[in-house]
Amino acid sequence: MTMKSFSSVFLSLLASTAAFSSQPSFGGSRSRPSSVILHSSSTTTDVLSLKLEKPLGMILEEVEEGAPKGVKVQELADSGSAYASEYRDKLTGLMVASVMGQDCQSIGFDDVMQKIIDAPSPVDIAFILEGTSSGATAPTPSFAVGTPVVIKVIQEGKPDMDLQAKVGDNLRKTLLENDVEVYRGLKKKLGNCGGGGQCTFCAVDFEASEGWEERSEYEDQKIPKFPKARLACLNNIQGPATIRTK
């Protein structure tokens, strides 16, 4: 193992223990995480999607050392929820496809770890199954990370705004940095969760978009009455879009 790989594994171990130490651990009778296998016919790539409570107990390493090409599972700690999953024998060696519906295949180790740390528990995490097709490759975003795009914002009682943004930037952060009133009303201003994906107060309606994947299952569960909405805090910009604040 190279020094970089060892460092990645060590950092991942820290994130799986220290960062998640406040979450309930699995001891005695551990509940089995819910799971589902999805199949993408357009890329002939099978994806294993799991809901895992923290601590996950996964030790990760870079797919390619020093390159923003995602991470894969090196091993599992038997005290984590990943080990409690019925798919534990398949997880080692699999690449992380997404966390909370956000693509993780074209970003670096630290960015993937931050998504896992910031995610609520249980964590929606998906893996690309190996050997599902001959020569199959992981799906790539329509717009490369760093591509300049325009986010048009429609706000009630205010002129529309065209925000200059980049693919990969967090949507909530981009809106706040451009003085968009994400949290309207005293309840939302004082009671929001600060971008933790819990309060749903940062939800925005998507009127139009290009290059965006479907919203995550977690969002389907949190805001089922608003099928066009997404939680801004959980979405990194994937392409141009027209959104409406609530």
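Collect residues whose amide H, placed 1.01 Å from N in the peptide plane, falls under 5 Å from the amide H of Val149; neighbours closer than 5 in sequence don't count.
Amide H neighbours of Val149, under 5 Å, 5+ apart: Ala165, Lys166, Val167.
Want the number for Ser121 to Lys158: 0.36 nm per residue separation, take away the alpha-carbon distance, what's left?
Details: separation 37, 0.36 × 37 = 13.32 nm, distance 3.65 nm.
Once the chain is fully extended between Ser121 and Lys158, it gains 9.7 nm.
Using the Karplus curve 6.51 cos²θ - 1.76 cosθ + 1.60 with θ = phi - 60°, what ³J(HN,Hα) values do you get for each residue of the stretch 143-156, in whole Hz, with x for Gly and Pro?
10, 5, 4, x, 5, x, 9, 10, 10, 8, 10, 9, 10, 5
Karplus couplings for the stretch 231-238 from phi (6.51 cos²θ - 1.76 cosθ + 1.60, θ = phi - 60°), rounded to Hz, Gly and Pro as x?
7, 4, 5, 9, 10, 8, 5, 10
Give, as a single signed number, the net charge of other residues whose beta carbon lies under 14 Å from the beta carbon of Ala208, with Lys and Arg counted +1 and Asp and Glu -1.
Details: positive: Lys152, Lys228, Arg230, Arg244; negative: Asp160, Asp162, Asp205, Glu207, Glu210.
Net charge around Ala208: -1.
Beyond 28 Å between alpha-carbons counts as too far, so tell me which of Lys72/Lys189; Lys54/Lys222; Lys51/Lys72; Lys173/Lys222 fall in that bin. Please list the in-between numbers first.
Values: Lys72/Lys189 38 Å; Lys54/Lys222 19 Å; Lys51/Lys72 17 Å; Lys173/Lys222 20 Å.
Correct reply: Lys72/Lys189.
How about Lys166: which aspartates and glutamates have a C-alpha closer than 14 Å to its C-alpha, ignoring those fewer than 8 places off in the same chain?
List returned: Glu177, Glu210.
Between Glu181 and Lys90, what's the calculated FRET efficiency when r is the beta-carbon distance and R0 is 51 Å? Round to 0.05. Display every interim value, and only then the final one.
Details: r = 45 Å, r/R0 = 0.89.
E(calc), rounded to 0.05, equals 0.65.
Within the stretch 169-218, what whole-number % of the accessible surface is contributed by carbon and sulfur, with the 1.4 Å probe and all protein chains included in the calculation?
Working: 1200 of 2690 Å².
C and S atoms contribute 45 percent here.
Where does the charge balance sit around Tyr218 when Lys and Arg score +1, Asp and Glu -1, over other residues with C-beta under 9 Å from its C-beta? All intermediate terms of the calculation are to be shown ahead of the outcome.
Details: positive: Lys51, Arg215, Lys222; negative: Asp124, Glu217, Glu219, Asp220.
Net charge in that neighbourhood comes out at -1.
On a 1.4 Å probe surface of the protein chains, which of Asp205, Asp118 comes out largest in accessible area, and what is the full order? Don't skip to the end; give the middle numbers.
On the way: Asp205 25, Asp118 85 Å².
Order by accessible area, largest first: Asp118, Asp205.
The values are calculated or read from the model by the stated rules, or taken from the named source; none is laboratory data. Since the structure is predicted, the reported quantities are computational estimates derived from the model, not experimental observations. All Cβ positions, even for glycine, are placed from backbone atoms using ideal geometry, and neighbour counts span all protein chains on display. For accessibility, only protein heavy atoms count, side chains too; no ligands or nucleic acids. Shrake-Rupley method; radii C 1.70, N 1.55, O 1.52, S 1.80 Å.
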